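Working notes for the structure below.
Throughout, read-outs are computed from the coordinates displayed, never taken from laboratory work. Quick caveat: nothing in here was measured; it's all calculated off a predicted structure. Cβ atoms come from the backbone with ideal geometry, glycine included; neighbour counts cover every protein chain shown.
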Amino acid sequence: MLASLCGVLKEAAIYMKAKSLVLIVLFCVGCGSSGVDRAEVSKQATVDADGVQRIDVDMHSYYFEPNKIIVKAGTPVEIKLHNCSHIVPHNFSISSPDINVSDDKWGWGSGHVRFTPTKAGEYRFFCHKDSHEKKGMAGTLIVQE
Ligand SMILES: [Cu+2]
């Protein structure tokens, strides 16, 4: 009797583990969507009373929204970063001689990058985590005169 009860409990434990594993796999498969060929979402930063131009950027798996940011040269920029993924760490980087910033954001909450663009032009921004950039997690910063 006791032996069969243990057997039933073991089977139940195995069943629960398998069910949990299936749920975890389904969750992870469902949480990422490619940013490759994603439609352009353009947004212009607004200049606040303190003279800083600010813009909110959401970080998803695996894309930024907006993926096109427009700012003015010669005015400080603050990009507020919101990680919209529960479990996936993301990053925002611009790596050029004129603008060089990087910020990691793990989990919920906000981070930011600050810089003052001096030259008009187009700058690529991207997430440097794992292969996120290849999955489409990138965008363009347009600096206007
Ligand atoms: Cu990322």
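Data for the structure
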| read-out | value |
| --- | --- |
| Of all residues in the stretch 87-111 being aliphatic (A, V, I, L, M) and surrounded by 13 or more Cβ atoms within 10 Å (Cβ to Cβ), the one that is nearest to the ligand (Cβ to nearest atom) | VAL88 |
| Any hit, the stretch 112-133, residues being within 13 Å of the ligand (Cβ to nearest atom), touching a residue at least 60 places away in the same chain (Cβ under 8 Å) and over 11 Å from the mean Cα position of the chain (by Cα) | yes |
